[in-house]
Amino acid sequence: MKVHSWGLLSNEEHQIELTDSNFKHSNAIGIPMGLGRSYGDAALNPGGAIWLTSALNHFIAFDEERGEFECEAGVSLREIQALIIPRGWNLPVTPGTQFVTVGGAIANDIHGKSHHTYGTFGDQVISLTLRRTDGSEMLCSPEQNSELFAATIGGIGLTGLITKARFALVRCTSPWIEMESSPFNNLSEFFELSKSSAIGWESSVAWIDCVGTKAGRGIFMRGNPAAKAESKKVKERQLGLPFTPPISLVNKATLRALNTGYFHLNKAKAGHSTVHYQSYFYPLDAISNWNRIYGPKGFYQYQSVIPHDRAESATQEMMATIASSGEGSFLAVLKVFGEKTPRGLLSFPMPGVTLALDFPNRGASTLELFAKLDEIVIRSGGRLYLAKDARMSRPMFETTYPNVSEFKKYRDPGISSAMSRRLLGA
Ligand SMILES: Cc1cc2nc3c(=O)[nH]c(=O)nc-3n(C[C@H](O)[C@H](O)[C@H](O)COP(=O)(O)OP(=O)(O)OC[C@H]3O[C@@H](n4cnc5c(N)ncnc54)[C@H](O)[C@@H]3O)c2cc1C
């Protein structure tokens, strides 16, 4: 069947194989796929097989004393949170959507708004079971098969199929978040707010306007788990785009209005509030298929990280480059990462600032902008996030990910993806 990833940039034929705990792959070279929330080609393999993990859907163990959870790799974070939050536990690290599997969270070593407090998802993993295409099955942990463990965390599915994992939870008293939001006028103010949130705030993130003369202003949000439950009722609202519009709804005509509207709306609401964890952490999940707003040509996400010493100047330069390019982004997110070095050989985070931007695919002009941004990222000692990437060059990957040759030793020769062929060769 035809398969696309979240960015909707391609839609090509794949052979689909359903995995379960006894999975034996066919002769086709394949790549595991969870919920397909990676934006680019990390889980795509046109002409080959995709090993869908949706049948790896069992909870295995929940140790409510120690705060440890074990499940199969196709279980989603949403399913886990629905079970554990009412029992006083939560996941320390989640991305901007709950529709992500445990296997996908490990294979991209995902990060979230709490990175400065807890690090990445991989930092929480106690052990995982890896099935290789030679039929072998290995338990990997920091103590056992530790090199393969480090290659599998952030290993974009290339070291084997993760069938199950055990990971640590954190205590929570309710599903509510005490949140504070503050408007800022420029990047310096953003960095001040981030600095003052590094201690005492479990999570933080900012939306930033990168269009026109007001580029650099934004809304800073930080939060802590609420100490007690709220009696407010939560409305479960799931809107959706029933079809793909013929053109991107995010375009030159709408961008300035979208950014200005968003800024003023949120500026007016600034201050303290108690909000449900789903609306705080996963606002986009309220609209299923929101990715369709970018129209039939799809969209790219460009997510970079820049080390601290160059963070402010490089972010400034990227914002200026975007503003003068005529391309624009509405979903622009800025976050300062904590100091923790991730475990994975190909993990993305480093101490510094990450900027994530969505751009409608306008063809050559969008790619020209990315080439200019790449140059800033490389020169500043940064890198791009593989979960979002669909077009980075192999030389850029090799320059910015220092452990590529070490990683290659642990690849499973029966696994390949569009991304691995693009970035690592055959
Ligand atoms: C709205 C939105 C917000 C997001 N926000 C963030 C964010 O804040 N932070 C962040 O880090 N990411 C974020 N992401 C990206 C997302 O967290 C990652 O792409 C994640 O890996 C997707 O999980 P998935 O289950 O959909 O995996 P897929 O996209 O299906 O696959 C991702 C990778 O994992 C591999 N994989 C999947 N399952 C297994 C398995 N069982 N064994 C081995 N390999 C496997 C695949 O081969 C592929 O390389 C966001 C994505 C969206 C759509």
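The values are calculated or read from the model by the stated rules, or taken from the named source; none is laboratory data. All figures in this text were calculated on a predicted structure; none of them were measured in a lab. Cβ coordinates were reconstructed from backbone atoms using ideal geometry, including for glycine residues, and neighbour counts include every protein chain displayed.
When the criteria are applied in full, Gly154 meets the requirement of being within 16 Å of the ligand (Cβ to nearest atom), under 30 Å from Pro32 (Cα atoms) and part of a loop (DSSP other than H, G, I, E, B). Would you confirm, using the coordinates I've provided, whether Thr321 is more than 16 Å from the ligand (Cβ to nearest atom), of a type in the set (S, T, N, Q) and closer than 19 Å to Gly363 by Cβ? Taking the combined requirement at face value, the residue satisfies it.
Looking only at residues of the range 379-408 that are within 14 Å of the ligand (Cβ to nearest atom) and not hydrophobic (A, V, I, L, M, F, W, C), we find that the one that is nearest to Asp309 (Cα to Cα) is Arg383.
Considering only residues that are modelled with pLDDT of 95 or more and surrounded by fewer than 23 Cβ atoms within 10 Å (Cβ to Cβ), look in the range 341-351 and name the one that is nearest to the ligand (Cβ to nearest atom). If we take residues in the range 341-351 being modelled with pLDDT of 95 or more and surrounded by fewer than 23 Cβ atoms within 10 Å (Cβ to Cβ), then Pro342 is nearest to the ligand (Cβ to nearest atom). If the condition is being under 21 Å from Lys335 (Cβ atoms), among the aliphatic types (A, V, I, L, M), touching a Gly at 6+ places or on another chain (Cβ under 9 Å) and assigned to a helix (DSSP H, G or I), then the range 364-400 contributes only Ile376. Across the range 157-182, the qualifying residues are those that are within 16 Å of the ligand (Cβ to nearest atom) and either at pLDDT below 95 or basic (Lys, Arg) (or both), and the one among them that is surrounded by the fewest Cβ atoms within 10 Å (Cβ to Cβ) is Arg166. Considering only residues that are near the ligand (Cβ under 8 Å from one of its atoms), of a type in the set (A, V, I, L, M) and not in a loop (DSSP other than H, G, I, E, B), which ones fall in the range 92-129? If the condition is that a residue be near the ligand (Cβ under 8 Å from one of its atoms), of a type in the set (A, V, I, L, M) and not in a loop (DSSP other than H, G, I, E, B), then Val102, Ala105, Ile106, Ala107 are the ones that fit. For the structure I just gave you, tell me whether Gln316 is in contact (Cβ under 8 Å) with a residue 12 or more places away in the chain and part of a strand (DSSP E or B). No; evaluated as a whole, the condition is false for this residue. If I go through the range 337-363 residue by residue, how many of them are among the aliphatic types (A, V, I, L, M) and either at positive phi or part of a loop (DSSP other than H, G, I, E, B) (or both)? The qualifying residues number 3.
The residues in the range 196-237 that are within 27 Å of His111 (Cβ to Cβ), assigned to a helix (DSSP H, G or I) and more than 23 Å from the chain's Cα centre (by Cα) can be counted, and the count is 1. Only one entry of Lys24, Lys2 meets the criterion of being away from the ligand (no atom under 12 Å from the Cβ), farther than 29 Å from Asn224 by Cα and in contact (Cβ under 8 Å) with a residue 40 or more places away in the chain, and that entry is Lys24.
Candidates are the residues of the range 216-259 that are within 30 Å of Lys297 (Cα to Cα) and of a type in the set (D, E, K, R); the one that is modelled with the highest pLDDT is Arg217.
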